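Structure first, then comments.
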Amino acid sequence: MSHRTITLRRTRKVAAAAVVAVAAFGLTACQDNTDASGSSPSSAASESSDSGSSGSSDGGSSGSAGGDQGNGGAGGSGGGAGACTTSQLGFRSSHGMGEGTLIVDLKNNGSAPCTLQGFPGVDLKSKNGSISAERSGLAAPKTKVSPGEETRFTLHYPPNDSGGSGETFTTLVVTPPNETHSHSLPVSINVPVTDGSGFAIKVDPVGTGK
């Protein structure tokens, strides 16, 4: 069991490793929680939520995720469809095939097509604080999502094979590209506690990885 203590920060700027979150907290052993499935309601980062379609909920503003431009994409050109809003999206997470990956599916619960382009804002929360994922180097495609269809993005994190208890994140706060409202998902992501020399937690743009 690791009793190593690190300094945690309440900023959206992530250290270049899995060193975790908020000032004046010490890291201790953390327990695992079950991963999310479906799009059940949950409170967002501000802990104030509005009802969304099919169980989606959006809460306080955690900042707009950048809508970086790119060509092509899984789902094709957006055409005349407007940008997807948090309230019309359903959210679901599942662990990927490879160790250290989490897939987040975004489903269009609305009645009209919408588009997503860019990197989502992703914050991971543990009992000790929070950390924001860095952006990967992938180009951001413009993805059109028809009613009832899904697209996705992938979160990459260093799996904890250190032998220590590490740090367990139990909440994933997602802000879709070009949105200011967030949606929270329960997760169980355990990462090693490092000195900052390990792998960073990174997120790919929406529409990649299919």
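The values are calculated or read from the model by the stated rules, or taken from the named source; none is laboratory data. In this text the structure is predicted, and so the values were computed from the model without any measurement. Cβ: placed from backbone, ideal geometry, glycine included. Neighbour counts: every protein chain shown. Only protein heavy atoms, including side chains, enter the accessible area calculation; ligands, DNA and RNA are left aside. Shrake-Rupley method; radii C 1.70, N 1.55, O 1.52, S 1.80 Å.
For segment 93-150, enumerate the residues that are open to solvent by 50 Å² or more (accessible area, probe 1.4 Å) and among the acidic types (Asp, Glu). Passing the criteria: 99, 134, 149, 150. Looking only at segment 76-92, count every residue that is out of contact with any helix residue (DSSP H, G or I) (no Cβ under 6 Å at 6 or more places or on another chain), under 17 Å from residue 185 (Cα atoms) and either of a type in the set (D, E, K, R) or open to solvent by less than 40 Å² (accessible area, probe 1.4 Å) (or both) and tell me the total. The number of residues fulfilling the criteria is 4. Being modelled with pLDDT under 95 and within 26 Å of residue 187 (Cα to Cα) is a property that holds for residue 96.
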